[in-house]
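Let me begin by presenting the structure, written as structure tokens, before commenting on it.
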Amino acid sequence: MPRLHADRDERRRVYLRARETSVVLDATSAGMPMILHWGSDLGDLDVEELAALASTSVPILAPSTVDHPVMATLLPEPSTGWPWTPGIEGHRSGTDFSTAFRLTEWDTVVGTAVAGGSARVCLVDDSIGLELVIDVELTEEGLLRTRAVLTNCGASGDYTLDALALLLPVPGRADEILDFSGRHLRERAPQRHPLAVGVHRREGRRGRTGLDSTMLMCVGVTGFGFGHGEVWAVHTAWSGNHLSLTERTSLGHVMLGGGELLMPGEVVLAPGERYTSPWVVGSYSSHGLDDLSSRFHDFLRSRVGRPTTPRPVVMNTWEAVYFDHDLATLTRLADLGASVGVERFVLDDGWFRQRRSDSAGLGDWFVDETVWPDGLSPLVDHVRSLGMQFGIWVEPEMINMDSDVAREHPQWVMGTGYRLPPEGRHQQVIDLANPEAYQFVLERLDALLTENPIDYLKWDHNRDLVEAGHPLTRRAGVHDQTAAAYRLMDALKARHPGLEIESCSSGGGRVDLEVLMHTDRIWTSDCIDPLERQSIQRWTSLLVPLEMLGAHVAAPRSHTTGRRHDLDFRAVTALFGHFGIEWDLTSATADELKQLAEWVCVYKRFRSLLHQGTLHRADHPDPAYWMHTVVSKDGTEALVAFVAMATGFASPPGRVCVPGLRPNLRYRITPVDPRDQGSALGAPSWWAQAPVISGAVLGAVGIQGPALFPEHASVVHLVAV
Ligand code: GLA
């Protein structure tokens with residue numbers, strides 16, 4: 001990295017540009033750097049224009065505040081007069097409570113005008129003895145990422161860090177928030193509300209990302225939608241305790257940011273020790289959520305070590321057999337799976353010692369000899385002889401008190417040191433920051449993967465980390481546990497090249513950009529009811545691209561909602577994800593198996609389009625009608641799903657515009673429903689004609705959508721002629 005010493009103002013201002021996003025970072029003050037602009041591309045700017053932008057960004061003095069303008073910095077400090085959420089809080093045994101960092105070094109790497117770049121800012125507070133390094137990067141995809149490393153460089157004495165947050169400024173015209181709540185079986189439920197003065201602070205204190213975590217905190221100009229409006233979003237890339245916040249101050253700043261939430265005494269830095277914050281990742285678009293979202297997708301699609309093979313059709317055994325493991329039944333399931341085109345068979349929970357229900361066995365990662373007298377080989381060999389990969393469920397961070405490992409090593413169970421925390425699903429957490437416990441889990445999983453040809457781990461995490469501490473030291477331990485879980489995933493992948501890992505946590509409870517650097521897909525939700533799944537997948541896919549969203553076809557009657565849906569609706573819903581089957585196929589009729597096999601063919605035909613293309617969702621005036629489209633990167637092909645979530649106020653839905661197409665190309669449109677029913681209530685006249693229409697007409701005028709029964713969907717294929 002070329003080093004530019006902090007000698008001249010123009011060298012201490014960096015202008016980053018990528019994919020219609022610009023960032024102007026200014027480090028000309030003696031202290032903390034500031035982002036002067038994060039938003040639309042500003043075109044070519046020379047140093048004079050950047051200087052003018054900086055000087056015209058200085059607010060006038062506000063009465064009854066400090067005697068200089070209060071500027072919004074990346075890590076705001078009360079020592080600058082900032083009376084709102086601070087960027088850092090900590091102390092040395094109650095002293096040295098307030099920092100005043102001074103800039104010492106400033107390095108930049110600026111790419112070409114459209115490929116982003118990065119800056120590293122080094123600061124010290126000599127009085128307190130702290131050093132801070134902040135990285136700011138505009139990625140090629142146009143994501144603004146920042147993180148901080150804090151070092152205790154005092155000669156003696158510990159520094160207790162209580163909080164560290166990085167905050168990005170957003171213009172005051174952003175006045176509406178979209179964030180997410182959720183629960184088991186209903187992850188990522190959107191909530192929209194005005195952005196008023198004060199803090200909208202979303203905290204995750206579950207030691208996992210959380211079923212109710214906000215995933216993204218979006219703020220925009222009121223009314224922004226999928227395809228229109230100016231909108232900014234941040235994501236805190238961390239699977240432990242974390243926060244995301246928006247703050248509008250009484251002086252008009254709007255700050256958007258996040259960081260890790262630290263428990264009391266969790267991070268105490270001895271001299272020379274350092275703390276690295278999670279990345280806080282921002283995305284901006286001047287034309288709506290789809291574009292904002294595609295930046296995250298492209299970022300994840302470029303991650304190191306990602307699988308590059310087509311995403312195999314999965315069969316998961318959970319809703320088919322639950323804990324009732326029996327070789328004959330599972331073999332039959334594997335046969336039926338192979339006959340409909342399954343490519344990866346995943347044996348879910350229930351294979352290890354004492355695991356006849358969810359009350360025992362976690363931690364005893366030995367195959368249960370009472371159920372599997374000959375080990376897993378008969379099933380694994382059978383699955384592989386059918387040409388399928390083999391995957392298996394594990395929950396490495398957890399332990400049942402009713403397990404051999406807990407009986408032998410009670411000191412490995414996380415807690416306060418005085419008592420055990422309340423159980424969740426009858427389980428506790430194994431202290432992976434304890435080297436012996438970590439080594440035990442690593443060696444057991446390594447042995448499992450060495451003894452059996454296993455391609456895939458479904459890695460679960462079902463209990464909140466409440467009162468999670470290291471019992472031997474009586475210190476809080478969520479930070480260490482989170483880091484150790486990532487380390488364990490990496491170690492297993494390093495020992496077993498090609499191993500893929502699914503991030504599951506009671507369904508979609510661990511979905512964040514950091515865990516996705518260590519895993520390959522998520523289990524989106526334990527709810528496989530396609531109606532609920534339409535919503536869960538629509539919103540989860542704001543962050544996660546379709547190929548990483550586990551989406552299964554379940555039994556006709558949903559196990560979690562009791563609703564019944566046609567196979568077509570179940571399959572169309574799973575098609576827009578990483579397709580799988582989680583259904584006791586021994587109970588399916590011959591006709592159902594035939595239809596399922598047809599849908600598997602549809603998935604295989606379109607998976608490269610679905611998993612490499614750009615996702616668009618449509619803003620239809622009637623909330624009952626949803627549409628999503630994936631357009632290939634070269635614009636020559638698209639797949640469009642029309643979905644009736646309920647009865648609409650109008651039926652048929654009228655013309656629907658298809659976003660994302662190339663205006664100059666002409667597309668032939670054909671239904672892809674394998675049984676060619678097209679729609680349930682009535683197909684528009686063009687349905688049977690395979691018409692050819694330009695992208696311009698499809699984007700601006702649209703086509704008549706099919707009249708669907710509620711809770712039904714239809715798919716059409718567009719190909720440029
Ligand atoms: C969690 C997962 C499910 C299943 C069960 C097994 O709830 O989300 O998909 O694997 O555990 O116990």
Item to complete: Tell me, yes or no, whether segment 168-181 has at least one residue that is open to solvent by 30 Å² or more (accessible area, probe 1.4 Å) and more than 18 Å from V219 (Cα to Cα).
Response: no
Within segment 319-370, the residues that are hydrophobic (A, V, I, L, M, F, W, C) and open to solvent by 50 Å² or more (accessible area, probe 1.4 Å) are L327, A328, F366
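Please determine, by comparing only the residues of segment 64-85 that are open to solvent by 30 Å² or more (accessible area, probe 1.4 Å) and closer than 20 Å to W38 by Cβ, which one is nearest to the chain's Cα centre (by Cα).
W84
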Note: among S694, S685, just one is farther than 26 Å from P530 by Cβ and at pLDDT below 90, namely S685
Going through segment 589-603 in order, the residues found to be open to solvent by 30 Å² or more (accessible area, probe 1.4 Å) and either farther than 18 Å from R557 by Cα or part of a helix (DSSP H, G or I) (or both) are A590, D591, E592, L593, K594, E598, C601
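Results for (1) in contact (Cβ under 8 Å) with a residue 12 or more places away in the chain; (2) open to solvent by 40 Å² or more (accessible area, probe 1.4 Å); (3) in the same structural domain as S294 (by TED's automatic domain parsing), shown as yes or no for each residue.
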| site | (1), (2), (3) |
| --- | --- |
| D634 | no, yes, no |
| V643 | yes, no, no |
| T647 | yes, yes, no |
| G654 | yes, no, no |
| S714 | yes, no, no |
Scanning segment 304-314 for residues that are aliphatic (A, V, I, L, M) and not in a strand (DSSP E or B), the one least open to solvent (accessible area, probe 1.4 Å) turns out to be V313
Filtering segment 238-291 down to residues that are crowded, with 20+ Cβ neighbours inside 10 Å, more than 18 Å from the chain's Cα centre (by Cα) and part of a loop (DSSP other than H, G, I, E, B) yields H253, L262, M263, E266, G288
When every residue in segment 330-377 that is of a type in the set (F, W, Y) and more than 31 Å from the chain's Cα centre (by Cα) is compared, the one farthest from Q439 (Cα to Cα) is W372
Looking across segment 535-544 at residues that are touching a residue at least 60 places away in the same chain (Cβ under 8 Å) and open to solvent by 10 Å² or more (accessible area, probe 1.4 Å), the single one that is farthest from H712 (Cα to Cα) is W539
If we keep only residues of segment 182-203 that are among the small types (G, A, S) and open to solvent by less than 40 Å² (accessible area, probe 1.4 Å), then the residue nearest to P76 (Cα to Cα) is G198
Conditions (1) touching a strand residue (DSSP E or B) at 6+ places or on another chain (Cβ under 8 Å); (2) away from the ligand (no atom under 16 Å from the Cβ) -> R306 fails only (1)
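Identify, please: which residue in segment 140-167 is of a type in the set (S, T, Y) and open to solvent by 10 Å² or more (accessible area, probe 1.4 Å) and is, among those, nearest to R120 (Cα to Cα)?
T151
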Over segment 495-533, the set of residues within 27 Å of L144 (Cα to Cα), buried (at least 24 other Cβ atoms within 10 Å of the Cβ) and among the hydroxyl-bearing types (S, T, Y) is S503, T524
A careful count of residues in segment 460-507 that are outside any helix (DSSP H, G or I), among the β-branched types (V, I, T) and away from the ligand (no atom under 16 Å from the Cβ) gives 2
Next item on the list: Test L516 against the criterion of being assigned to a helix (DSSP H, G or I) and farther than 17 Å from N241 by Cβ, and give yes or no.
Entry: yes
How many residues of segment 508-525 are within 11 Å of the ligand (Cβ to nearest atom) and under 15 Å from R306 (Cα atoms)? The answer is 1
In segment 139-161, anything outside any loop (DSSP other than H, G, I, E, B) and within 21 Å of T246 (Cβ to Cβ) is listed as L144, R145, T146, R147, A148
T589 vs (1) within 16 Å of the ligand (Cβ to nearest atom); (2) of a type in the set (S, T, Y); (3) more than 15 Å from the chain's Cα centre (by Cα): all pass except (1)
Within segment 401-427, residues in contact with a Lys or Arg (Cβ under 7 Å, 6 or more places away or on another chain) and within 16 Å of the ligand (Cβ to nearest atom) come out as G424, R425, Q427
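Check T586, T560, T573 and return the single one that is part of a helix (DSSP H, G or I), β-branched (V, I, T), at pLDDT 95 or above and open to solvent by 10 Å² or more (accessible area, probe 1.4 Å).
None of the other options fit; the residue is T586.
The values are calculated or read from the model by the stated rules, or taken from the named source; none is laboratory data. Bear in mind that the values here come from a model prediction, so they are computed numbers and not experimental data. In this analysis, Cβ positions are derived from the backbone assuming ideal geometry, glycine residues included, and neighbour counts consider all displayed protein chains. Remember, those area values only see protein heavy atoms, side chains included, never the ligands or the DNA or RNA. Shrake-Rupley method; radii C 1.70, N 1.55, O 1.52, S 1.80 Å.
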